[in-house]
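Scroll down for the structure; my scribbles are underneath it.
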Amino acid sequence: MDLEPAFIGRTYDDFLFRPERGVVASRGEVRLTAPLSRRLGLELPIVSANMDSVTGGEMAKTMALEGGIGFVHRGLSIEAQTDEVRRVKRRHGHVIEQPFALPRMATIREAREFTRQHRITGLLIEETAGSRILAGLLSNRDMPWFAGHDDRRVEAFMTPVGRLHTGPPGIGVEEAKRIMFEHRIEKLPLVDAARRIHGLITKSDIILSRQRPESSKDAKGRLLVGAAIGARGDFLERAAGLVEAGADALVIDIAHGHSEVMRRAVEAVRRRLGDVELVCGNVGTAEGARFLRELGADAIKVGIGPGRGCRTRLETAAGVPQLQAIREAWCAVEDAVPIIADGGVRDDKDIFLALVCGASTVMLGSMLSGTDEAPGYVIEDPATRQKQKIYRGMTSPQAVFDALYDAEADPADLEAALETPAEGQEMRVPYQGSVRGVLHRIRGHLRSAVSYAGGTALPEVRGMVVRDPLAHLVPLSEASRRESYER
Ligand code: XMP
C-alpha cells in the first residue's frame with residue numbers, strides 16, 4: 001500500500017483524533033495488548049530505550065513487571081551487560097532454576113555481602129563449593145544481627161537440610177503452594193533423591209504472579225528482557241553472551257539501519273544464533289522497512305532523528321518526520337512485522353497516534369529518563385531546588401567520552417565513535433520518582449484514548465483505524481494547534 005500524501009511532512013502535533021461514540025463502561029478494563037515482535041507480546045505497548053541514561057537492569061525489570069519491556073543498553077562491557085540481563089531473568093519465575101548457593105564453610109560476612117550484592121533475602125547452602133548438593137538454607141532471619149559473628153561459618157546458623165521442607169524437581173505450582181502454606185515457609189528448595197539442587201520456589205514469586213497478571217513473562221514465568229548489540233567489533237560475542245544469559249530479544253541498533261552494515265550483521269547473527277528474536281533498526285522510510293522485513297527482522301524499529309537527545313537532523317539533514325516514518329513503514333510491511341516507533345514522544349497523546357497509524361509499540365527515552373529506575377543520579381539545582389537527572393543521546397560527546405575511558409569498551413566501537421562527529425546531546429530532565437508512576441499515567445491516557453475512539457480495547461481500535469487513519473484524524477492549522485496545545 002502507498003503512503004497517503006497527507007502524511008508527508010507530518011508528525012505528532014499535526015493531528016488530533018476524531019472522537020467517536022464511546023462504548024466503554026469502565027476504562028480500567030480496557031486492554032492494551034500489542035505484539036512487540038513476531039513471537040513476543042506485551043500488555044502495555046511501551047518499550048524503554050536502549051540508552052545508558054534510560055535502561056539498565058532495574059529499568060528493564062520494572063518495565064516488564066508493568067507489562068512493557070526494556071532493552072538494556074550496550075555501552076557496557078559484555079560481562080556487565082549480561083549481568084544486568086541475568087539479574088532481570090532471575091528476579092522472578094515460577095521456579096528459580098539456578099538458585100544462588102554458598103558452601104557451608106563460607107563465613108557470615110561472605111553471606112551478608114552475597115545477599116546484598118544479589119539483592120536476595122536468603123540463600124541455599126551447598127555441601128562444598130560448586131557441588132550443588134543441598135546442605136541447608138540461610139534466610140535473612142537466620143543471620144546473626146549482633147556484632148562478633150562475621151567470621152563464623154554459615155553452617156552454624158543455617159537450617160540444616162534434615163529440618164528443611166523440600167520438593168521434588170518438576171513439582172507443580174499448586175502442590176508447592178500447599179506445602180509452603182502448610183509449613184508456613186517462604187522458600188521451597190527443589191532437590192532429587194541425592195539432594196542435588198534443581199531449583200527454588202519462593203513465596204514472593206507466587207504472590208507476584210497473582211498480583212501482576214499483566215507483567216511480561218516468558219513460558220517459565222520469568223520477566224521478559226531485551227538487550228542491544230551493535231553491528232561491528234565484538235557484537236557476535238555480545239549477542240551470544242546475552243542469549244546465554246536469557247535475553248528474550250536482541251536489538252541490532254545502529255543509526256542507519258537501511259545499510260549493508262545491517263545486512264552483514266543480521267546474516268552473521270542468524271548464522272551464529274539461528275532463530276533468536278531480532279529487532280532491527282533504525283529506519284525511517286518504506287524502503288528501509290521493506291529491507292528489514294526481507295532480512296528477516298522480527299520487529300522493525302522506526303525513527304531517524306526524532307529523539308530528544310538527537311542532533312542527526314540538525315547536523316546531517318537526514319530524517320523523516322516521525323508520524324510519516326511510522327506510516328511509511330506500516331504501508332510497506334503492514335502487520336507482517338511489528339513496528340516499534342522510536343523517539344520523539346513528548347506527550348502521551350503521541351503514543352496513541354503512533355499506535356493507530358501503524359506502530360505496534362512505542363520506544364521511549366527522555367520520557368522515562370528522569371525516573372529512579374533509570375541509571376544515573378538525582379541532582380538538585382541549587383538555584384531552583386528542582387531535582388533533575390541527566391538524559392543524553394548515545395552519541396553525545398559525554399557518552400562517547402565515557403566510553404573512551406571505559407577500559408572494557410570494544411576498540412571497534414571507539415574507533416567508530418571517534419570517526420563520526422557527535423550526533424547526540426545531553427540535557428537535564430525533571431526528576432519524576434518511580435517509572436511506575438509514569439507508566440500508570442501513560443496506561444490511563446491510552447485507555448481514555450481508546451474510549452474516545454469508540455472502542456473497548458486497543459487492538460480493536462487500531463485494527464479499525466490503521467487501514468484508513470485519515471478517516472479518523474483531524475489535520476491541524478496553526479490556529480487549531482495553538483488552541484490545542486498552548487496552555
Ligand atoms: P526520545 O525522544 O524518546 O528518543 O528521547 C529516544 C531515541 O533517541 C535515539 N537516540 C539518538 N539518536 N543520536 C541520535 O541521532 C543520539 O546520540 C541518540 N541517542 C539516542 C534512539 O533511537 C532512542 O531510542
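Can you tell me which residue within region 358-397, out of those that are among the hydrophobic types (A, V, I, L, M, F, W, C) and open to solvent by 60 Å² or more (accessible area, probe 1.4 Å), is modelled with the lowest pLDDT?
First, the residues of region 358-397 that are among the hydrophobic types (A, V, I, L, M, F, W, C): 359, 362-364, 367-368, 374, 378-379, 383, 390, 394.
Subset that is open to solvent by 60 Å² or more (accessible area, probe 1.4 Å): 378, 383, 394.
Numbers: Val378: 95, Ala383: 90, Met394: 87.
Within region 358-397, the match that is modelled with the lowest pLDDT is Met394.
Which residues, counting only those in region 246-276, are open to solvent by less than 10 Å² (accessible area, probe 1.4 Å) and either within 16 Å of the ligand (Cβ to nearest atom) or within 17 Å of the chain's Cα centre (by Cα) (or both)? First the steps, then the outcome.
At the first step, the residues of region 246-276 found to be open to solvent by less than 10 Å² (accessible area, probe 1.4 Å) are 249-252, 257, 262, 265-266, 269.
Hits for region 246-276 are Ala249, Leu250, Val251, Ile252, Gly257, Met262.
Report, by residue number, each residue of region 347-380 that is more than 11 Å from the ligand (Cβ to nearest atom), charged (D, E, K, R) and part of a helix (DSSP H, G or I).
Passing the criteria: Asp348, Lys349.
Being within 11 Å of the ligand (Cβ to nearest atom) and either part of a loop (DSSP other than H, G, I, E, B) or without any contact (Cβ under 8 Å) to a residue 40 or more places away in the chain (or both) is the filter here, so list the residues in region 321-346 that pass it. Break it down stepwise before answering.
Here is the first cut: in region 321-346, the ones within 11 Å of the ligand (Cβ to nearest atom) are 322, 340-346.
Residues satisfying the conditions are Ala341, Gly343, Gly344, Val345, Arg346.
Looking only at region 334-391, count how many residues are aromatic (Phe, Trp, Tyr) and touching a helix residue (DSSP H, G or I) at 6+ places or on another chain (Cβ under 6 Å). Reasoning before the result, please.
If we filter region 334-391 for residues that are aromatic (Phe, Trp, Tyr), which is where we start, we get 352, 377, 391.
Keeping just the survivors that are touching a helix residue (DSSP H, G or I) at 6+ places or on another chain (Cβ under 6 Å) gives 352, 391.
Matching residues across region 334-391 total 2.
Is it true that some residue in region 286-309 is in contact with a Lys or Arg (Cβ under 7 Å, 6 or more places away or on another chain), open to solvent by 10 Å² or more (accessible area, probe 1.4 Å), under 30 Å from Leu164 (Cβ atoms) and more than 15 Å from the ligand (Cβ to nearest atom)?
no
Considering only region 102-122, state which residues are closer than 17 Å to Lys89 by Cα and of a type in the set (A, V, I, L, M).
Within region 102-122, just Ile120 meets the criteria.
Can you confirm whether Phe114 is touching a residue at least 12 places away in the same chain (Cβ under 8 Å), open to solvent by less than 50 Å² (accessible area, probe 1.4 Å) and touching a helix residue (DSSP H, G or I) at 6+ places or on another chain (Cβ under 7 Å)? Steps first, please.
On the way: touching a residue at least 12 places away in the same chain (Cβ under 8 Å): yes; open to solvent by less than 50 Å² (accessible area, probe 1.4 Å): yes; touching a helix residue (DSSP H, G or I) at 6+ places or on another chain (Cβ under 7 Å): no.
No.
Can you pull out every residue in region 423-456 that is open to solvent by less than 40 Å² (accessible area, probe 1.4 Å) and within 16 Å of the ligand (Cβ to nearest atom)?
The answer is Gly424, Met427, Val429, Val435, Val438, Leu439, Ile442.
The values are calculated or read from the model by the stated rules, or taken from the named source; none is laboratory data. Source: prediction; values computed, not measured. Virtual Cβ from ideal backbone geometry, glycine too; neighbours counted across all protein chains shown. Just so you know, the surface numbers come from the protein's heavy atoms only, side chains and all, with ligands and any DNA or RNA stripped out. Shrake-Rupley method; radii C 1.70, N 1.55, O 1.52, S 1.80 Å.
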